[in-house]
Amino acid sequence: MKRFVLPSFAVLCLVLTAAAQEKYTLKYQHVPGQYEMVQETVMDMTIGVSGTKATIPMKTVQTQYITLNVSEKQADGSQQIAMEITRIAMNQTSSIMNLKYDSAAPDAAESPLKAAGVAVGLKITATTDKDGKFIKVEGVDEFFEKLSNNPDYPKPVADMLKKQLTNESMTKTIDMSREITPKQPVAVGETWKSEGTSELPMFGKVKANLDNTLKEVKTIDGRKVAVILSKSEILSEKPQEIDTGNAGKMTFKTMNVESESTVLMDIASGWTTSTVSEIKMKIETAMEMNGKTLEQNMTGTGTTTVSVKPKTPAN
């Protein structure tokens, strides 16, 4: 009897091991349809001023509403994704102030935070090739050209953003989002790394390092969903200066952002439905005015939650 039991047990172990090592192809796919993306960021910051022991705690909650329209694939396999920011809301509280802004509110133009809403109405069209790589972005140059002529927005800041954020730089930045997926099929527990450079407002060129792991595959509403843990670090490469005219010169010296994100990806469609990120941030700035320099050190922790839901049935 033992002669049959042991081989059978060995075969069972091999089957279970093979099942446990099943590999999954994780690749972004752009499913045609209309979607609404909601991104909410909650940040608790502590601001310290050089020469003093005083610190100012500040909490900021910002929510962006974005409409996505994904086209059908063209004959050459390319697709277009049209993105429009339709609404921005922000609450900012500290020991010295309590400010609110909502671009959809009747009194939006009266809020001290109204500059946060300049991106409402921003329309960007991104084009991908047959492999899903972003090859072109349109609409960024036109937006910042208008922003630099907007009397409600600081022109020196707008001019700096116009130089940093262009159609070309945004193409590279958006395409970096594909780095969270592996080049080859992976099994649960396997990791993959990637790195790249991008442009961020105020801080210019930054370097990003990503360390990703397929934590598990589970079933949600009858569909297989990959749970990806992504750890990232973003470092600014060199200080960026803004000459604000009468207000003096602002220097963004260093930025270091560490995050740990949990990403849910529908394996069959390649569509990411949810991302939740825990963030740690450190920023150093300096303000020169009237021959004096005021340095600030800002540290903070926060959470960013991104959800994407179809507004119309996807194909």
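All of the numbers you see were taken from the coordinates with simple rules; none came from a lab. Bear in mind that the values here come from a model prediction, so they are computed numbers and not experimental data. Positions of Cβ are backbone-derived with ideal geometry, glycine not excepted, and every protein chain shown enters the neighbour counts.
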Once you mark the trypsin sites (Lys or Arg not before Pro) that are in a DSSP loop and have at most 15 other Cβ atoms within 10 Å, what is the longest gap between them in the chain?
-> 184-310
Note the full-extension length gain between Gln34 and Glu260 as 0.36 nm times their separation in residues minus their Cα-Cα distance, in nm to one decimal.
-> 78.5 nm
Relative contact order for the chain: what is it in percent, counting Cα pairs under 8 Å that are at least 6 residues apart?
-> 19
Per-residue ellipticity at 222 nm for the chain, helices alone: DSSP H runs ≥ 4 residues times -39500 (n - 2.57), over residue total, nearest 500 deg cm²/dmol?
-> -4500 deg cm²/dmol
Projected area, mean over directions - the chain, Cα convex hull, nm² = 22.3
Please give the length that would be gained between Val276 and Glu142 if that part of the chain were fully extended, namely 0.36 nm times their separation in residues minus their C-alpha to C-alpha distance (nm, one decimal).
-> 45.1 nm
Charge tally for neighbours of Glu278 with beta carbon under 14 Å away, counting Lys, Arg as +1 and Asp, Glu as -1, is -3
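With +1 on each Lys and Arg Cβ and -1 on each Asp and Glu Cβ, how big is the dipole of the chain about its Cα centre, in debye rounded to the nearest 20?
Result for the chain is approximately 900 debye, rounded to the nearest 20.
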Binned at 5 Å starting from 0, the alpha-carbon pair-distance distribution of region 202-249 in whole percents comes out as 5, 15, 12, 12, 10, 10, 9, 8, 7, 5, 4, 2, 0
Kindly put Met43, Met289, Met160 in sequence by how many other C-beta atoms sit within 10 Å of each C-beta, fewest to most.
-> Met289, Met43, Met160
Does region 15-145 come out rounded, prolate or oblate, given a ≥ b ≥ c as the square roots of the eigenvalues of its C-alpha gyration tensor, rounded meaning a/c under 1.5 and, failing that, prolate meaning a/b above b/c?
-> oblate
Could you give the longest part of the chain that holds none of the GluC sites (Glu not before Pro) found in DSSP loops with at most 12 neighbouring Cβ atoms within 10 Å?
-> 73-315
